[in-house]
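Chemist: Below is one structure. I have some questions about it.
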Amino acid sequence: MRSIGELARASGLTVSALRFYDSAGVLVPARVDPVTGYRWYTDDQVAPARLVAGLRRVGMPVPEIARAVRAEPAEVHRLLDAHLRRLEDGLADARRELSRIRALIDPGERPMFTRLVLSRADLAAAVDAVRFAVGADPELPVLAGVLFDIGPDGVRLAATDRHRLAVTRVGGRPDGPPVRALAPVGFVDEVRALLDTGADSTAEAWLTVAGDTIAVSVAGRGVEATALPDEFPDYAPLLRPLADGSPAHRLTVDVAALRAALTSPDAPVVPRGHDGVELSVTVLGLDEEGGLRLLGTDELTDDPDVFRIGVNGGYLLDALDAGGRGELVLELDDPIAPLAVRRPDDADSFSILMPIRL
């Protein structure tokens with residue numbers, strides 16, 4: 001048996017860290033003296049302690065460390081890959097912010113432009129995937145556009161009206177530094193029309209950001225606009241996997257069937273008032289086989305073990321239309337957590353709907 005101090009020296013963890021991981025249930029001593037309270041560990045716990053120390057040094061969240069200590073090697077490698085992607089995303093975000101900060105400090109040092117050549121079809125699909133979530137509140141002009149966020153691996157498009165968020169990505173290799181431009185919605189609509197014109201559907205689209213100007217051109221025709229001066233909300237944390245694993249419910253749904261259920265004259269809705277406005281809320285629940293179903297007023301219950309979540313049915317229909325045909329995946333947690341709509345074959349495209357309290 002090893003004392004806590006001996007295990008600390010053998011693993012690289014401090015004594016206080018070992019106490020913390022004991023209280024968190026990550027690395028529990030083999031024996032605790034009932035009189036003195038001293039913790040004792042076996043030799044077999046040295047390797048797990050060293051694993052904990054290494055994962056701690058790279059900033060892995062405690063719930064994932066706990067899973068890694070108990071998991072098979074294949075699962076540990078999956079956790080490491082997911083964490084590495086988080087770190088890489090965070091580094092890309094940091095580089096992008098530092099580039100923008102340098103431009104603020106010394107605008108004269110800012111490179112002339114960043115250009116990205118994209119698939120015309122992919123850019124059109126990306127606009128379609130986020131356009132529905134653009135805000136229309138005149139008091140929130142920062143939401144009246146689509147963010148074009150160019151990074152090393154392409155461009156992400158994001159839009160939100162506070163009640164929903166849509167994000168997608170088009171792959172490509174930019175010529176120039178990372179840059180963001182908040183494009184006015186009118187420009188975005190002109191771009192979408194431009195992408196539909198012309199006989200050559202294989203023509204590439206050129207996206208250029210130069211100073212406060214954003215432009216898109218296809219086969220010699222183009223549109224441009226002055227980017228909105230406002231700062232788009234930070235959406236990057238929503239792109240990273242949840243630290244505590246998967247959502248409570250991950251349901252694959254047939255888009256056509258769910259759309260038919262939502263638009264049926266008999267579709268159940270629950271009336272609720274919000275800020276003096278009467279709302280017809282669509283309530284999602286689970287059937288006996290764990291599939292999705294719509295709940296009516298008479299089916300609502302205060303039983304915390306019965307899952308249900310209220311959403312704006314029109315917003316859900318918009319998300320289904322933007323997600324495409326075939327099947328989509330709904331990720332549901334608890335009644336006050338956002339609902340995510342994802343494409344099963346595209347991890348970079350999804351939308352999030354804020355729930356309505358029932």
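Chemist: Note down the relative contact order for the chain as a percent, whole number, built from C-alpha pairs under 8 angstrom at least six residues apart.
Modeler: On the way: 602 pairs, mean separation 44.4, N = 358.
Computed value for the chain: 12 percent relative contact order.
Chemist: Continuing with the same structure: Using the Cβ atoms and a cut-off under 11 Å, what net charge is assigned to the surroundings of Leu182, where Lys and Arg are +1 and Asp and Glu are -1?
Modeler: -3
Chemist: Please report the accessible area of Glu75 (heavy atoms, 1.4 Å probe, ligands and nucleic acids excluded) in Å², nearest 10.
Modeler: 60
Chemist: Please give the net charge around Gly12, taking every other residue with its beta carbon less than 15 angstrom from that of Gly12, where Lys and Arg add +1 and Asp and Glu add -1. Numbers along the way, then the final one.
Modeler: On the way: positive: Arg2, Arg9, Arg50, Arg56, Arg57; negative: Glu6.
My count for the surroundings of Gly12 gives +4.
Chemist: Here is a further query. Is there a quick way to get the dipole size of the chain? I mean about its Cα centre, with the Cβ of Lys and Arg at +1 and of Asp and Glu at -1; what is the value in debye to the nearest 20?
Modeler: Details: 39 positive and 55 negative charges, 302 e Å.
Dipole size: approximately 1460 debye.
Chemist: Related question: I'm spelling it out carefully: the read-out is semi-axes √(5λ) of the Cα gyration tensor in Å, the candidates are [x] 43, 32, 18; [y] 122, 64, 13; [z] 34, 23, 20, and one was derived from this structure. Which label?
Modeler: Here semi-axes √(5λ) of the Cα gyration tensor in Å agrees with entry [x].
Chemist: Shifting gears a bit: For the chain, what is the mean residue ellipticity at 222 nm derived from helices alone (per DSSP H run of n ≥ 4: -39500 (n - 2.57); sum divided by total residues; nearest 500 deg cm²/dmol)? Write out the running numbers ahead of the final one.
Modeler: Numbers: 9 runs with 114 residues, N = 358.
Calculated at 222 nm, the ellipticity per residue is -10000 deg cm²/dmol.
Chemist: Mind pulling the angle between the C-alpha long axis of helix 185-196 and the longest principal axis of the chain? Nearest 10 degrees, somewhere in 0 to 90.
Modeler: So the helix axis and the longest Cα principal axis differ by about 70 degrees.
Chemist: Given the options Ile105, Ile336, Ile214, state which has the largest fluctuation in a GNM of the chain using a 10 Å cut-off (strictly under) for Cα springs.
Modeler: Ile105
Chemist: To the nearest 10 square angstrom, what accessible area does Tyr38 show with a 1.4 Å probe?
Modeler: 140
Chemist: Answer with one residue from Gly25, Val46, Gly12: the one whose Cα lies farthest towards the positive end of the charge dipole of region 1-51, charges on Cβ with Lys, Arg +1 and Asp, Glu -1.
Modeler: Of the options given, the answer is Gly12.
The values are calculated or read from the model by the stated rules, or taken from the named source; none is laboratory data. The model shown is predicted, which means the values in this text are computed figures rather than measured ones. Neighbour counts run over all protein chains shown; Cβ positions are idealised from the backbone, glycine included. With ligands, DNA and RNA removed, areas are computed over all heavy atoms of the protein, side chains included. Shrake-Rupley method; radii C 1.70, N 1.55, O 1.52, S 1.80 Å.
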